[in-house]
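See below for the structure under consideration.
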Amino acid sequence: MTEEELIALARSAALKAYAPYSKFHVGSAIESVDGEVITGANMENACYRLGICAEQSALTAAQHKFGLDKVARIAV
């Protein structure tokens with residue numbers, strides 16, 4: 001996968017963000033050493049501290065899918 005393709009997946013993930021307060025939609029894509037890709041997006045909450053960023057969302061999914069020890073690249 002090229003760098004541009006990974007960035008395009010992160011941008012696509014940003015379309016799924018929930019950001020009613022900041023209106024700042026962020027996406028993240030993580031590629032494993034085996035070529036698998038996981039995406040995530042930011043999720044806001046009225047209580048600011050309870051929201052999660054796109055990187056946290058994607059890293060959590062990556063941990064469950066292939067493990068953090070296999071992360072090769074991250075695009076935000």
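The values are calculated or read from the model by the stated rules, or taken from the named source; none is laboratory data. This one's a predicted model, so the numbers in the text were calculated from it and none came from an experiment. Note: ideal-geometry Cβ built from the backbone for every residue, glycine included; neighbour counts use all protein chains shown. Note: areas computed on protein heavy atoms with side chains; ligands, DNA, RNA excluded. Shrake-Rupley method; radii C 1.70, N 1.55, O 1.52, S 1.80 Å.
Using the 1.4 Å probe convention, the accessible area of the chain works out to 66 Å² per residue with neighbouring protein chains retained. Only protein atoms count toward the accessible area here, which uses a 1.4 Å probe; on the chain, the carbon and sulfur part of that area reaches 55 percent. Taking chymotrypsin sites (Phe, Trp or Tyr not before Pro) in DSSP loop conformation with at most 14 other Cβ atoms inside 10 Å as exposed sites, the chain has its longest uninterrupted site-free stretch at 25-76.
Based on Cα contacts under 8 Å between residues 6+ apart, the chain shows a relative contact order of 31 percent. For trypsin sites (Lys or Arg not before Pro), the sites in region 6-71 that DSSP calls loop and that have at most 12 other Cβ atoms within 10 Å are LYS23. What the Cβ-Cβ distance of TYR21 and ALA72 gives, at R0 = 25 Å and to the nearest 0.05, is a FRET efficiency of 0.15. Tell me the angle of helix 3-14 to the major Cα principal axis of the chain, expressed in degrees between 0 and 90 and rounded to the nearest ten. For helix 3-14, the angle is close to 30 degrees.
The angle separating the long axis of helix 54-65 from the principal Cα axis of greatest extent in the chain is about 40 degrees.
Past the 13 angstrom mark, what percentage of all C-alpha to C-alpha distances in the chain do you count? Summing the P(r) of the chain above 13 Å gives 61 percent of all pairs.
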